[in-house]
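The block underneath contains the structure these notes are about, expressed in structure tokens.
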Amino acid sequence: MQSPTFSPCPICEGTGWKSATSNGGPRRVVRCDCVLQARGAKLLAAARIPRRYEERDLANFDLFPGADSSLEHARIVAAGFIENYPGESTGLMFVGPCGVGKTHLAVAILRELILTRGAVGLFYDYRELLKEIQNSYNQSVNITEHEVLRPVFEAEVLVLDELGAVKPTEWVWDTVGHILNTRFNEKKTTIITTNYPDEPPLSLVHGETARAFSAAEQARAAARRETLGDRITERMRSRLHEMCRTIRMEGQDFRQRVNCASFR
């Protein structure tokens with residue numbers, strides 16, 4: 001039986017390099033598209049993108065008739081971010097209720113930067129990341145906290161999905177602070193999604209930080225929706241404003257809209 005034959009790339013003829021010019025300048029040698037595509041496929045496979053989102057891109061972002069204008073604005077910002085990368089000095093934080101497409105756009109950016117820019121990217125659900133870090137403390141698990149966090153720190157582009165989704169504790173606050181501060185100091189690109197309003201915690205809203213809340217204030221706090229400041233502390237929310245441009249998205253939950261349409 002004859003072994004299959006493979007045709008070399010018609011552009012580089014198997015060398016992996018091609019000639020190119022820029023703005024009429026001298027010819028130079030650059031990596032061929034075939035090499036970038038092969039590398040992009042490997043990087044994409046290692047990026048931990050969930051199967052549910054692995055085909056998400058800007059082209060299939062659903063802008064249905066009557067969609068809130070903030071969704072189109074968010075898609076335009078995402079496209080501009082990709083086009084200007086790596087010229088962008090900050091990341092992005094998509095803020096909005098469930099089901100408006102925050103994760104879709106975050107993954108679309110990550111996929112495109114991996115495939116077209118060769119960026120080393122990583123997707124992590126906030127809850128799963130904290131769970132993996134906690135599991136590393138178990139002596140029966142053959143992995144250390146450093147081994148869990150190293151790719152998170154080193155990824156050129158990190159998508160941190162559902163920030164704030166874990167009940168806040170001192171350990172959670174310390175951990176998220178460690179992650180965000182490390183990436184900020186290393187000038188790494190971080191793309192974040194969160195369902196929590198980008199607002200300060202209750203203590204700052206009332207101008208109180210030291211005394212205990214009264215019964216009336218506690219009742220108002222129970223009725224008030226938690227904010228990102230409540231979930232990650234105001235100090236880390238302030239850090240995020242240095243790291244990321246905030247993009248607010250509004251609209252109906254896509255999943256509920258689809259389910260309602262199916263019964264019409």
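Some values worked out for this structure:
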read-out	value
Odd one out for L202 among (1) surrounded by 15 or more Cβ atoms within 10 Å (Cβ to Cβ); (2) at pLDDT 95 or above; (3) over 23 Å from V100 (Cα atoms)	(2)
Single unsatisfied condition, L160 versus (1) at pLDDT below 95; (2) touching a Ser or Thr at 6+ places or on another chain (Cβ under 8 Å); (3) closer than 30 Å to P86 by Cα	(1)
Scan of the stretch 139-188 for residues that are assigned to a loop (DSSP other than H, G, I, E, B) and under 19 Å from S238 (Cβ atoms), ordered by number	L163, G164, P168, E186, K187, K188
The stretch 74-92, subset without any contact (Cβ under 8 Å) to a residue 24 or more places away in the chain and assigned to a loop (DSSP other than H, G, I, E, B), residue surrounded by the fewest Cβ atoms within 10 Å (Cβ to Cβ)	G87
Complete set of residues in the stretch 109-124 that are in contact (Cβ under 8 Å) with a residue 40 or more places away in the chain and of a type in the set (D, E, K, R)	R111, E112
Cβ pairs under 6 Å, 6+ apart, first in the stretch 164-189 and in contact (Cβ under 8 Å) with a residue 24 or more places away in the chain, second surrounded by 12 or more Cβ atoms within 10 Å (Cβ to Cβ) and assigned to a loop (DSSP other than H, G, I, E, B)	G164/Y196; V172/V166; W173/T233
The lone exception for E132 - which of (1) surrounded by 14 or more Cβ atoms within 10 Å (Cβ to Cβ); (2) farther than 12 Å from E162 by Cα; (3) touching a residue at least 24 places away in the same chain (Cβ under 8 Å) it fails	(3)
Residues being surrounded by fewer than 18 Cβ atoms within 10 Å (Cβ to Cβ) and either modelled with pLDDT of 95 or more or not in a helix (DSSP H, G or I) (or both) - total across the stretch 100-124	2
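Residue-wise test of (1) modelled with pLDDT of 95 or more; (2) among the aliphatic types (A, V, I, L, M).
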| site | (1), (2) |
| --- | --- |
| N185 | yes, no |
| A210 | no, yes |
| E217 | no, no |
| E234 | yes, no |
| T246 | yes, no |
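The values are calculated or read from the model by the stated rules, or taken from the named source; none is laboratory data. Note that the structure is a prediction, hence the values are computed from the model and not measured. Quick reminder, even Gly has a Cβ in these numbers, built from the backbone with ideal geometry, and neighbours come from all protein chains shown.
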